[in-house]
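A short write-up of the structure that comes next.
Nothing in this text is a laboratory measurement; each read-out follows from the coordinates by a stated rule. These numbers were taken from a predicted model, which means no experiment stands behind them. Methodologically, a virtual Cβ is constructed for each residue, glycine included, from the backbone with ideal geometry; neighbour enumeration extends over all protein chains shown.
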Amino acid sequence: MPHKILIVDDDVLMLEALHDLFAASGYEVTTVSDGQAALEILRKERFDLIILDVVMPRMTGYDVCVELRRRHDPGRDIKVIMLTAKAESRGPKVEECGSDLYLTKPIDPARLLGLVDSLLTPSTE
């Protein structure tokens, strides 16, 4: 059974590119364009990983991650990667929201795919 990934970004081109990247690699991919839609789908479906854009209108990626951890995933079983176009450093807000990784756009697709693979593949140690 393939891992399920939810991608949340208000940029349609980014959604399409990430969808195609992960679908071609065998992941089951769902995309939504805002934080509210993400929380709605999380009420109905289970995902292994969420890729969240930080800067979105009405509800930021930080807000979505905090709600995800509070309501749907208090044990942090769902992995979260936050993406931003801003060249800000990984600060307390990222730590507080419960994100697993924080990456700055533009992102090398092969690197992102490798990071996702490593997050979703259990360690054999």
Förster radius 25 Å - calculated FRET efficiency between ARG58 and GLU28, Cβ distance, rounded to 0.05:
0.40
Farthest towards the positive end of the dipole of the chain, among THR104, LEU13, LEU49 and with Cβ unit charges of +1 on Lys and Arg and -1 on Asp and Glu, lies the Cα of LEU49
How big is the charge dipole of the chain about its Cα centre, in debye rounded to the nearest 20, if each Lys and Arg gets +1 on its Cβ and each Asp and Glu gets -1 on its Cβ?
300 debye
Average Cα contact separation per residue, the chain, under 8 Å, 6 or more apart, as relative contact order %:
22 percent
Which of the peptides 47-59, 7-19 is most tightly packed, and how do the rest follow, judged by the mean count of other Cβ atoms within 10 Å per residue?
47-59, 7-19
Output the peptides 63-71, 108-116 sorted from most to least packed, where packing is the average of other Cβ atoms within 10 Å over each peptide's residues.
63-71, 108-116
Under the 7 Å Cα-to-Cβ spin-label approximation, THR121 and ASP20 lie apart by a distance in nanometres of 2.5 nm
Rounded to the nearest 500, what is the 222 nm mean residue ellipticity of the chain from helices alone, with -39500 (n - 2.57) per DSSP H run of 4+ residues and division by all residues?
-11000 deg cm²/dmol
